[in-house]
1. Residue 203 is checked against (1) under 30 Å from residue 80 (Cα atoms); (2) at pLDDT 95 or above; (3) β-branched (Val, Ile, Thr) and fails just one. What number does that condition carry?
2. Looking only at helices (runs of 4 or more DSSP H) that fall completely inside the stretch 103-179, which ones have 2 or more residues that are of a type in the set (D, E, K, R)?
3. Which numbered condition in (1) closer than 19 Å to residue 105 by Cα; (2) out of contact with any helix residue (DSSP H, G or I) (no Cβ under 6 Å at 6 or more places or on another chain) is the only one that residue 187 fails?
4. Among the candidates 150, 138, single out the residue that is surrounded by 16 or more Cβ atoms within 10 Å (Cβ to Cβ), over 14 Å from residue 107 (Cβ atoms) and in contact with a helix residue (DSSP H, G or I) (Cβ under 7 Å, 6 or more places away or on another chain).
5. Can you find a residue that is surrounded by fewer than 17 Cβ atoms within 10 Å (Cβ to Cβ) and touching a strand residue (DSSP E or B) at 6+ places or on another chain (Cβ under 8 Å) anywhere in the stretch 205-213?
6. Pairs needed: first member in the stretch 169-185, closer than 17 Å to residue 233 by Cα; second member anywhere, modelled with pLDDT under 95 and β-branched (Val, Ile, Thr); C-beta distance under 6 Å; at least 6 residues apart or different chains.
Amino acid sequence: MKNISKLAISGVFVSAVALSVPVQAETITLVNSDAIGSPIDRMNEWFAKEVEERSGGSLDINYIPGQQLGSAPQVMDQVSAGSIEMFGNSAAWLSPYAPDTQILSWGFAFRDADHMQTFLDSDLFGELTAEAQEVDRIRVLAAAPLESRIVFARAPLTGDDPFSGLKMRVPQIPAYLELWRAVGAQPTQVAWGEVFLAMSTGVVDAAEGPAGAAYAQRFHESGPNVYLTDHLFDTTTFVINEDRYQALSSEHQELITTVAAEAVNWIRDEAEAARAETLEKMEAEGATVNDIDRGPLEDAAASAVGSMEEQGLWRSGLFEAVQDL
């Protein structure tokens, strides 16, 4: 009896010890290639914190900010290969794996941010990214629009063709060049950091960009006529290596998918609020913020869609399908 009692007590002790040993958390490495403190960096931090709290510590997000593991294209390649598990950044980096997503970079393709969100949440967008998931092993968890791009001009824009002949600073991206040619402008190459001086001296008549980044470069001082064209929207997304995703429990799959959707919408709201504050600061510093009739610009941009599809930027009929959403 004594031996039995000792064994029983010993068994209870062993069980108690086993119960006291915490279960090791599963870890997912999340990478960013944006600047520390940027909206996307803050989005990633929010995601990591929420996942860890809601999982009760069973899922740990090892967040690596900045470009410690490479540029965005390099990180995407590593997500595809499985050497990096998860990436939170711009949806623009999907295009090498899902070429039809280049429509996100075509001006006036979306009526507003809600229209773009409808597209990003649609079965159509799922179709466009299916091959990336199946072949390149990159699964999109969630995506959302961020800040829109607007125009800064040296002089007020007037007439029925306000961009006709305007020397417009644009980046060296084919879709950007074709867009501004379509609306009548003369695309001009100037480095981002030199735009303020280029507008001040008349090398270019206008430039475009998101309000926050443009404010930091003082575009509103050399181009004080600000127009809310909202011709393009920056985007954000979370992607994960498909094999890593399938290795997660169903509970963890549901958790990261839910929190990713909440995170992109959280930073979208943050970006919209920040843009409103930035426009107010521009006005307080002497700029004039103007609405603009997008109708003629949308028509001009649409007239160049056939050329874009012939060049293979995205599949034929996709633009029309997006307009029908």
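The values are calculated or read from the model by the stated rules, or taken from the named source; none is laboratory data. Since the model is a prediction, treat every value here as computed from it, not as a measurement. Every residue, glycine as well, gets a Cβ built from its backbone with ideal geometry; the counts of neighbours run over all protein chains shown.
1. (1)
2. In the stretch 103-179, 123-128, 130-134 are the helices (runs of 4 or more DSSP H) which contain 2 or more residues that are of a type in the set (D, E, K, R).
3. In the conditions (1) closer than 19 Å to residue 105 by Cα; (2) out of contact with any helix residue (DSSP H, G or I) (no Cβ under 6 Å at 6 or more places or on another chain), residue 187 misses (2) alone.
4. Values: 150 fails: over 14 Å from residue 107 (Cβ atoms).
Just one listed residue meets the conditions, 138.
5. So in the stretch 205-213, the residues surrounded by fewer than 17 Cβ atoms within 10 Å (Cβ to Cβ) come out as 213.
Narrowing further to those that are touching a strand residue (DSSP E or B) at 6+ places or on another chain (Cβ under 8 Å): none.
Taking every residue of the stretch 205-213 in turn, none turns out to be surrounded by fewer than 17 Cβ atoms within 10 Å (Cβ to Cβ) and touching a strand residue (DSSP E or B) at 6+ places or on another chain (Cβ under 8 Å).
6. Short answer, once both residue conditions are applied: 176/170; 180/170.
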